[in-house]
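The values are calculated or read from the model by the stated rules, or taken from the named source; none is laboratory data. Since this is a predicted model, take the numbers as computed values, not measurements. Glycine also receives a Cβ, built like all others from the backbone with ideal geometry; neighbour counts cover every protein chain displayed.
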Amino acid sequence: MKAPVRVAVTGAAGQIGYALLFRIASGEMLGKDQPVILQLLDLPQAQDALKGVMMELQDCAFPLLAGMTASDDPEVAFKDIQVAILVGARPRSKGMERSDLLAANAEIFTVQGRALNKVADRNVKVLVVGNPANTNAYIAMKSAPDLNPRNFTAMLRLDHNRALSQVAEKTGKAVADIRKLCVWGNHSPTMYADYRYATINGENVKDLINDQEWNANVFLPTVGKRGAAIIEARGLSSAASAANAAIDHIHDWWLGTNGEWVTMGIPSDGSYGIPEGTMFGFPVTCANGEYEIVKGLEIDEFSQKYINITLDELEQEKAGVAHLL
Ligand code: NAD
Ligand code: LMR
């Protein structure tokens, strides 16, 4: 039996937490032979609800669940963790400007970044889900100077999966057969979902679709505004699909992608003209617990225009929190 891996989940009593924890405990994230210990963090007022979730986890009698703890203190919840999924964040409420939200979350992710710096395993893999995910991940990374910046990532996988499904529907082909799709930039409506390099059973998706109007006026807005469409329809933001994307992100980072492309929000190494350190969605492949940016792709004029828009937005978010770091 392998030694258990310590996994922290923040916002564990929330709706994404409820869709996420049971799948981690059943082995869907780190493998069916990998025991886990769940270290759950939520606010003091959510501790009762969190206890209820833990009772349910217990009642599942998962063979791979080797232990669990609950806390409202990040330094307790993050002790020795090897994986951190940071879901808990302040949602935008009535009358709140985007800059207010950035400031409220900057505080949460500064505190949590510092706690990771202090008590987490030195190779901890961090995924930020809570919005604005890219900038929150950037703040946590900047607040943890003793940890490798590469270990801080933001979730663009939901956007990647949404794009896969839209392409599958348009082409009438199976999601499982689509390769080499990616989403560039920010997890926000400015993201740029890109199927120029995608293939289905060896055929080029761009040729199969052959409809630039659909790309610009249907595909990009549909993927970019999918989060808002779900809030409109459900009255609540996406939860099961977000949890599923978090599982996919960590699964692939931990276990590898066998050469396939996936999208991760990662600190730029300067590739494609994205300033170093900017937390940006890139096509990556994963192997041996590391990700690598897919290099050398040609960026045409249309793509560059969209990449510039999403980069500008991220730079503005970064500037909005600079004084807090
Ligand atoms: P939710 O309100 O149901 O749950 C959030 C939980 O976080 C609550 O239990 C709350 O008590 C807790 N929390 C708040 N501040 C905390 C803190 N400082 N420390 C620990 N816990 C804290 O929300 P949800 O639907 O689970 O969504 C959570 C976040 O994920 C939101 O910011 C949402 O916008 C974001 N989200 C991101 C994506 C993505 O693709 N990146 C997708 C969906 C949702
Ligand atoms: C999503 O993409 O579903 C989430 O980020 C929720 C939102 O506010 O769009």
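Laid out as a table, the results:
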| item | result |
| --- | --- |
| Within the range 132-150, considering residues that are touching a residue at least 40 places away in the same chain (Cβ under 8 Å) and not in a helix (DSSP H, G or I), the one nearest to ligand 2 (Cβ to nearest atom) | Pro132 |
| Unique residue being in a strand (DSSP E or B), within 24 Å of Leu158 (Cα to Cα), touching a residue at least 40 places away in the same chain (Cβ under 8 Å) and not assigned by the TED database to the domain that holds Ala246 when the list is Ile85, Ile24, Ile16 | Ile85 |
| Residue in the range 251-264 that is within 16 Å of ligand 1 (Cβ to nearest atom), in a strand (DSSP E or B) and of a type in the set (S, T, N, Q) present | yes |
| Residue pairs meeting the criteria (Cβ under 8 Å; at least 6 apart or on separate chains; first within 20 Å of Lys170 (Cβ to Cβ) and touching a residue at least 60 places away in the same chain (Cβ under 8 Å), in the range 185-200; second of a type in the set (Ser, Thr, Tyr) and surrounded by 22 or more Cβ atoms within 10 Å (Cβ to Cβ)) | Met191/Thr310; Tyr192/Thr310 |
| Residue within the range 37-50 that is outside the structural domain of Gly256 (by the TED database), away from ligand 1 (no atom under 16 Å from the Cβ), free of Cβ contacts under 8 Å to residues at least 40 places away in the same chain and surrounded by 16 or more Cβ atoms within 10 Å (Cβ to Cβ) present | yes |
| Residue ID - farthest from the chain's Cα centre (by Cα), chosen from residues in the range 96-131 that are among the hydrophobic types (A, V, I, L, M, F, W, C) and outside any helix (DSSP H, G or I) | Met96 |
| Strands (runs of 3 or more DSSP E) within the range 151-237 that include 2 or more residues over 16 Å from Ile307 (Cα atoms) | 152-154 |
| Test for Leu65: is it over 18 Å from Leu127 (Cβ atoms) and either among the aromatic types (Phe, Trp, Tyr) or at pLDDT 95 or above (or both) | yes |
| Residue list for the range 187-213, restricted to those being aliphatic (A, V, I, L, M) and within 16 Å of ligand 1 (Cβ to nearest atom) | Met191, Ala193 |
